[in-house]
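The values are calculated or read from the model by the stated rules, or taken from the named source; none is laboratory data. Note that the structure is predicted; figures quoted are calculated from it, not measured. As a convention, Cβ positions derive from the backbone with ideal geometry for all residues, glycine included, and neighbour counts pool all protein chains shown.
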Amino acid sequence: MPTILRAKCIVAGDSGVGKSSVCQVFHSDSAHFPKSYTMTTGVELLVKPVNIPDSRDQVELYLYDSAGKEIFSENVTKFWEQPSLVMVVYDVTEETSFSSCVKWLERVRAMKPDTNIPGVVLANKIDLDQRRVVSPKEGKDLAMQHGLEYFECSAKEMQNVDTPFFYMAHEFHKLYQEQLQVFQSLT
Ligand SMILES: Nc1nc2c(ncn2[C@@H]2O[C@H](COP(=O)(O)OP(=O)(O)OP(=O)(O)O)[C@@H](O)[C@H]2O)c(=O)[nH]1
Ligand SMILES: [Mg+2]
């Protein structure tokens, strides 16, 4: 029987790193990169189904594209209860956006203490290679330290944007199957 699973994914990171751009490119199947910057002031919800290969199951990703500006933080965290997945985004040309990732991860994890929330560290704006200041190794190390997977992309060039979302959908599906097996072994 096909199953539809719903996963709440918090997309967090400093203002301007490209969270909304990444989400909108993925949501529109690479049809839409927002040309002008519109600051997110709360949480914008985007829903996108992902089919899981070799199964008839589907994971619906509920993307909580969250404001990065600190002034909106209260407006944001009130929507973050019970997260299933986390995507923390930084801009490879902005060192401070990289060092902020730990803060964003801690904030998301505080919503579900004692639980390991799967997810990704996403390095965006790799098209700006000349201005890059955060190396892939630094990104990978951060992801590993926090039990997350590392990806890099360019929302502007629509390069590698889908991969981190597909990864999260698959991880969520894997967890569901593991839980199902435990449940079936008990009944
Ligand atoms: N060069 C380049 N610019 C990008 C890329 N992704 C986003 N941008 C630009 O970066 C700026 C900020 O993008 P947003 O997606 O609005 O950033 P955000 O993280 O949602 O910002 P807040 O809503 O303020 O938290 C915009 O001017 C985008 O056009 C990218 O991959 N490469
Ligand atoms: Mg935004």
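Tabulated results
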| quantity | calculated |
| --- | --- |
| Filter result for L85 (buried (at least 21 other Cβ atoms within 10 Å of the Cβ) and more than 10 Å from ligand 1 (Cβ to nearest atom)) | yes |
| Candidates V102, V121 - the one that is in contact (Cβ under 8 Å) with a residue 24 or more places away in the chain, of a type in the set (V, I, T) and touching a strand residue (DSSP E or B) at 6+ places or on another chain (Cβ under 7 Å) | V121 |
| Where K35 falls short, out of the listed (1) near ligand 1 (Cβ under 10 Å from one of its atoms); (2) loosely packed, with under 15 Cβ neighbours inside 10 Å; (3) modelled with pLDDT of 95 or more | (3) |
| Lone qualifier among Y167, Y176, Y150, Y90 - being closer than 27 Å to D29 by Cβ, of a type in the set (S, T, Y) and modelled with pLDDT under 95 | Y176 |
| Residue, nearest to ligand 2 (Cβ to nearest atom), within the range 44-64, restricted to residues that are within 23 Å of S154 (Cα to Cα) and either hydroxyl-bearing (S, T, Y) or surrounded by 17 or more Cβ atoms within 10 Å (Cβ to Cβ) (or both) | E44 |
| Any hit, the range 12-23, residues being within 14 Å of ligand 2 (Cβ to nearest atom) and surrounded by fewer than 18 Cβ atoms within 10 Å (Cβ to Cβ) | yes |
| Enumeration of residues in the range 24-42 that are near ligand 2 (Cβ under 10 Å from one of its atoms) and among the aliphatic types (A, V, I, L, M) | M39 |
| Candidates S55, S36, S21 - the one that is assigned to a loop (DSSP other than H, G, I, E, B), in contact (Cβ under 8 Å) with a residue 40 or more places away in the chain and either under 25 Å from N160 (Cα atoms) or of a type in the set (D, E) (or both) | S55 |
| Matching entry among E95, E138, E171 (being under 20 Å from S20 (Cα atoms) and acidic (D, E)) | E95 |
| Scan of the range 65-86 for residues that are within 11 Å of ligand 2 (Cβ to nearest atom) and assigned to a strand (DSSP E or B), ordered by number | D65, S66 |
| Considering residues of the range 1-11 that are surrounded by fewer than 17 Cβ atoms within 10 Å (Cβ to Cβ) and of a type outside the set (A, V, I, L, M, F, W, C) only, the residue nearest to D127 (Cα to Cα) | R6 |
| Subset of the range 65-86 that is touching an Asp or Glu at 6+ places or on another chain (Cβ under 8 Å) and not small (G, A, S) - its residue that is farthest from G13 (Cα to Cα) | L85 |
| Residues of the range 50-75 classified as within 15 Å of the chain's Cα centre (by Cα) and of a type outside the set (S, T, Y), total | 8 |
